Structure formats: C-alpha cells, structure tokens
Amino acid sequence: MKNLDQKWIYLVVLSFIWGSSFILIKRSLLGYTPLQVGGLRILFASVLLFILGFKSLKTLSKTDWKWITIAGLCSSFFPPFFFALAQMEISSGVTSILNSVAPLFTTLVGIALFGLSLKGKQVLGVLIGLLGTVVLIAAGMENNVDQNYWYSFFIIFAALGYAFNINIIKKYLSHLTPLAVTTASFGVAFLPAVIILVYSGVFQQFVGNSAMQEAVWYIMALAFLGTALANILFNKLIKLSSPVFAASVTYLIPLVAVLWGFLDGENISFLQLLGGLIILFGVWLVNRKKTVAIQK
C-alpha cells in the first residue's frame, strides 16, 4: 500500500515538472541553437548529479556499465537534442502530446525484447495509440502550414529511446539506487555533449550576448529540475512500479504543457486535440488493470 501511494505521488510530481519542460525549451531556444540547448541541458544536469551522486558510481559493476551505457545514450544523451530540434518547428503543446506515445513504445519494446506479454485489448490499445499519432501529425501538417511536421519524428525517436531505457532499468538495473542510475547515465552523456558544445562555439558566443545570458536561466531550470531531479524521481518510479505505469507519466504531461502553451499564445486545433485523446485512450487500454507481466 505504501508503494502504491508513493508511485502516484511521483507520477503527479513528474507530470508537473516534465509538463513544464516544454515551455522552458521554447524559451531557451530564444537565445540558443537546438544543439546548444541540448548540450547545456546535459552539462548542467551532469555537474549537479556528479556532486550529489559521484560516490554512488562505486556500486556499479562492469555488467551494470554495459546496460547503463545503452540506457544513458537512449534517455540522457539523444532526447535533450531531439526535443530541442523538434521545437524549432513544432509548438510545445503539440510536442508534449506526441510524447504520449512513450507508454506504447515501452510496451512494444518490452514485448519484442524483454518478455512482456499482452492481452487482446492491450494490442488494440497499441494500434489505437499509433492511429492517434498519425491523426495528430496529419492534423498539424494541415492546420499549421508554417510548421514542419517532419520534425515530429525527433519526438518519436526520443520516445523510443525512453522505451528502451525504462525496460533496461526495470530488468537489468533495478538493484541500483535511482541516484546511481541517473548519475551514471549522465556520465555516459557528459563527454559527447561537451564536445558538441565546444564545436557549437557556445562558450565564445555567450560573452556580450544578452539573449543567451537571459535564456541560460531557462536552461538551468530545465537541467536542474526537468532533467537531473526529474530523472532521479523517474528512476525511483520505475523501481516502485511497472515499466508501463512509469511511462504513463505522459498521460498528464500534455495537460500541463498545453496549459503553458495556451498561456504563451499557442493554438491547438480540434483535430490535434482529438489525436491526443486517441493516443491517451490507446495508452489507457494498454495499461488498464494489471495484465502486463514481466517474465523473469
């Protein structure tokens, strides 16, 4: 009962933090390129995590590092860049709705590679969720001709990365603390992110650039709250619950993100909302009752 209460608390807190991340990315892009936003997000989050969790890295074995490397690239390295790239062309509200495919991908990856099993209604839920994704993208392309919806695939790839990360942590890294998993994952992402930042020239550009100096506060909030803290909480949620329940944080993220987008002047059409509702209905079918089991 205690774990049941805790996992719902983590779910709600994460929904608010990650739901607010999309507007922070949007604000960060006012002063930086997508590669700079993604790289600085990883850099700032890594520094904080190294301070908090460096000692916890001693608990990892060589086998753990193998899985951490895969999980870290899938969740801590590529997604920060993918989300920033997507929001150069797609609104923050629509981006958050597209991210709702994460539980579906978590289920599909779990079935294909990690021994998950599905009931008939859950298979239907996966198909409905994928249909909703197609509707959402098609509606966006029709109603927002000034936005390039091919960039939606960056969100799809990020969601797929999260799906691999969740299943890997649940099956191979659940014996580690959430802080150790999160710190190690960003340890994997840190060096390549720094290389990208150096190549982008962000450190030379920052001096005397008022737009960058203002936007850096949004990136710091994004890194410390939406990346470092949120990933620790999320890894704790994975440990307390099932992979699909953990991925269900995306049920509530769009509600927060769309509200922020609305307050910031974004418009979302009825068809886009319909696509989002179809996705959420599909995810609900996949996650309803406790019929998804992990075969050990």
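Any read-out appearing in this document is the output of simple, stated calculations on the displayed coordinates, not a laboratory observation. Note that the structure is predicted; figures quoted are calculated from it, not measured. Here the Cβ positions follow ideal geometry from the backbone for every residue, glycine too, while neighbour counts run over all protein chains shown.
Residue exposure proxy: Arg41, Arg27, ordered by other Cβ atoms within 10 angstrom of their Cβ from fewest to most, comes out as Arg27, Arg41. By the count of other C-beta atoms within 10 Å, a proxy for reagent exposure, Leu271, Leu285, Leu222 are ordered fewest to most as Leu271, Leu285, Leu222. Between Leu271 and Gln6, take the C-beta separation as r, use R0 = 25 Å, and let me know the FRET efficiency to the nearest 0.05. Given R0 = 25 Å and the Cβ-Cβ separation, E is 0.10.
Place a point 7 Å from Cα of Thr63 in the direction of its Cβ. Which residues in region 181-205 have their backbone N less than 20 Å from it? Output list for this probe position: 181-182, 184-185.
What the phi angles of region 273-282 give under the Karplus curve with 6.51, -1.76 and 1.60, with θ = phi - 60°, is a coupling list of 5, 4, x, x, 5, 4, 4, 5, 5, x Hz, glycine and proline written as x.
On the beta carbon distance between Leu124 and Ile195, with R0 = 45 Å, the FRET formula returns roughly 0.50. Modelled spin-label separation between Val134 and His175, with each label point placed 7 Å from Cα along the Cα-to-Cβ direction: 4.4 nm.
Each helix, a run of at least 4 DSSP H residues, gives -39500 (n - 2.57); summed and divided by the residues of the chain, these come to -23500 deg cm²/dmol at 222 nm. When each of Ile23, Ile42 is scored by the number of other beta-carbon atoms lying within 10 Å, the sequence from fewest to most is Ile23, Ile42. Converting phi to 3J(HN,Hα) with the Karplus coefficients 6.51, -1.76 and 1.60 and the offset θ = phi - 60°, region 176-182 yields 8, 6, x, 5, 5, 4, 5 Hz in sequence order, with x at every glycine or proline. Using θ = phi - 60° in the Karplus curve 6.51 cos²θ - 1.76 cosθ + 1.60, the 3J(HN,Hα) couplings for region 95-100 round to 4, 5, 5, 4, 5, 5 Hz; x is entered for Gly and Pro.
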